[in-house]
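First comes the structure, then the notes that go with it.
The values are calculated or read from the model by the stated rules, or taken from the named source; none is laboratory data. Because the structure is a prediction, the values reported are computed rather than measured. Every residue, glycine as well, gets a Cβ built from its backbone with ideal geometry; the counts of neighbours run over all protein chains shown.
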Amino acid sequence: MQSAPSILASLQQLAQRDPHFQAFGAAEHQYQLNPCLSAGDIKAIEAEFGITLPEDYVWFLTQVGNGGAGPFYGLYSLQDSLEVHTDFASPANLTTPFPLSSATLPDEHQLALLEEQIEAAQATEDEDLESELYEQYQALLFPSEWANGYLHLCDYGCGISFFLVISGAAAGSVWENRAVDAAGLMPSTELGNSEPIGFLEWYQLWLEKALKQQP
């Protein structure tokens with residue numbers, strides 16, 4: 001595991017090599033981290049929400065930074081992650097186990113049928129039916145039970161995001177949400193890994209890849 005000084009030194013190198021923030025997402029975070037949280041802060045948040053955060057994520061929050069510089073458009077702070085999730089779902093969903101353990105796609109046959117029905121409703125200008133069918137379509141893309149046991153980490157753009165599972169069989173691993181493209185949810189492999197990985201390994205992989213891409 002890299003030390004906190006090593007991670008900070010790598011970020012400094014990236015900032016020096018990319019002073020105009022040309023790398024993907026760099027203009028958003030500018031290689032800057034938010035101040036760390038204390039162990040007491042973490043314990044208070046865990047107690048408030050009834051959650052237990054993965055150890056490597058806690059280490060990062062308390063030793064490196066509470067969000068900021070990171071993959072794609074940068075990391076949410078823990079507080080922002082909680083706010084995003086509770087706006088989208090409910091606080092209880094944080095403690096409900098994440099239901100998936102492997103890549104999962106929506107039902108393509110059902111999606112195709114609904115797409116045909118939506119087109120037919122559009123053709124007849126039946127807006128009420130179109131709205132009802134569209135809600136069913138969205139529910140198929142991202143079933144409500146999927147919104148359990150995880151924290152948002154960062155955005156990739158175009159509705160794609162990355163999250164950290166904190167409850168359930170996949171707890172501790174980083175996943176991708178590509179439901180917007182009807183591609184479902186899956187353990188993150190965007191950075192070149194072939195197996196599920198935890199937060200710190202994911203972050204270090206981003207650092208290594210980002211440094212290699214800079215002259």
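Summary of computed values
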{"item": "Those residues of region 160-207 which are under 27 Å from Leu14 (Cα atoms), of a type in the set (D, E, K, R) and surrounded by 19 or more Cβ atoms within 10 Å (Cβ to Cβ), in sequence order", "result": "Glu176"}
{"item": "Failed condition for Leu61, given (1) of a type outside the set (Asp, Glu); (2) touching a strand residue (DSSP E or B) at 6+ places or on another chain (Cβ under 8 Å); (3) at pLDDT 95 or above; (4) within 21 Å of Trp175 (Cβ to Cβ)", "result": "(2)"}
{"item": "Within region 1-51, considering residues that are of a type in the set (Asp, Glu) and in contact (Cβ under 8 Å) with a residue 40 or more places away in the chain, the one surrounded by the fewest Cβ atoms within 10 Å (Cβ to Cβ)", "result": "Glu28"}
{"item": "Ser81 among the hydroxyl-bearing types (Ser, Thr, Tyr), in the same structural domain as Val165 (by TED's automatic domain parsing) and touching a residue at least 40 places away in the same chain (Cβ under 8 Å)", "result": "yes"}
{"item": "Top-ranked residue of region 79-106 - restricted to ones that are part of a helix (DSSP H, G or I), over 13 Å from Cys154 (Cβ atoms) and among the aliphatic types (A, V, I, L, M), ranked as modelled with the lowest pLDDT", "result": "Ala92"}
{"item": "Pairs with Cβ under 6 Å, 6+ apart, first in region 168-187 and over 14 Å from Tyr57 (Cβ atoms), second part of a strand (DSSP E or B) and among the β-branched types (Val, Ile, Thr)", "result": "Arg178/Ile160; Gly184/Thr104; Leu185/Thr104"}
{"item": "Helices (runs of 4 or more DSSP H) enclosed by region 1-54 - at least 1 residues per element that are closer than 29 Å to Cys158 by Cβ and in contact with a strand residue (DSSP E or B) (Cβ under 8 Å, 6 or more places away or on another chain)", "result": "4-17, 26-29"}
{"item": "Unique match (being assigned by TED's automatic domain parsing to the domain that holds Pro97 and touching a Cys at 6+ places or on another chain (Cβ under 9 Å)) among Tyr57, Tyr73, Tyr31", "result": "Tyr73"}
{"item": "Single residue of region 129-147 satisfying the filter (in a loop (DSSP other than H, G, I, E, B) and not aliphatic (A, V, I, L, M)) that is nearest to Leu185 (Cα to Cα)", "result": "Phe142"}
{"item": "Condition broken by Ser173, with the remaining ones in (1) in the same structural domain as Ala112 (by TED's automatic domain parsing); (2) closer than 27 Å to Leu33 by Cα; (3) not aromatic (Phe, Trp, Tyr) satisfied", "result": "(1)"}
{"item": "Residues that are outside any loop (DSSP other than H, G, I, E, B) and of a type outside the set (Ser, Thr, Tyr), drawn from region 158-183", "result": "Ile160, Phe162, Phe163, Leu164, Val165, Val174, Trp175, Glu176, Asn177, Ala179, Val180, Asp181"}
{"item": "Tyr57 being within 18 Å of Gly198 (Cβ to Cβ) and either within 15 Å of the chain's Cα centre (by Cα) or among the charged types (D, E, K, R) (or both)", "result": "yes"}
{"item": "Pairs with Cβ under 9 Å, 6+ apart, first in region 109-128 and part of a helix (DSSP H, G or I), second loosely packed, with under 11 Cβ neighbours inside 10 Å and charged (D, E, K, R)", "result": "Ala121/Glu127; Ala121/Asp128"}
{"item": "Search result, residues across region 113-159 that are of a type in the set (A, V, I, L, M), surrounded by 11 or more Cβ atoms within 10 Å (Cβ to Cβ) and either modelled with pLDDT under 85 or not assigned by TED's automatic domain parsing to the domain that holds Val174 (or both)", "result": "Leu113, Leu114, Ile118, Ala120, Ala121, Leu129, Leu133, Ala139, Leu140, Leu141"}
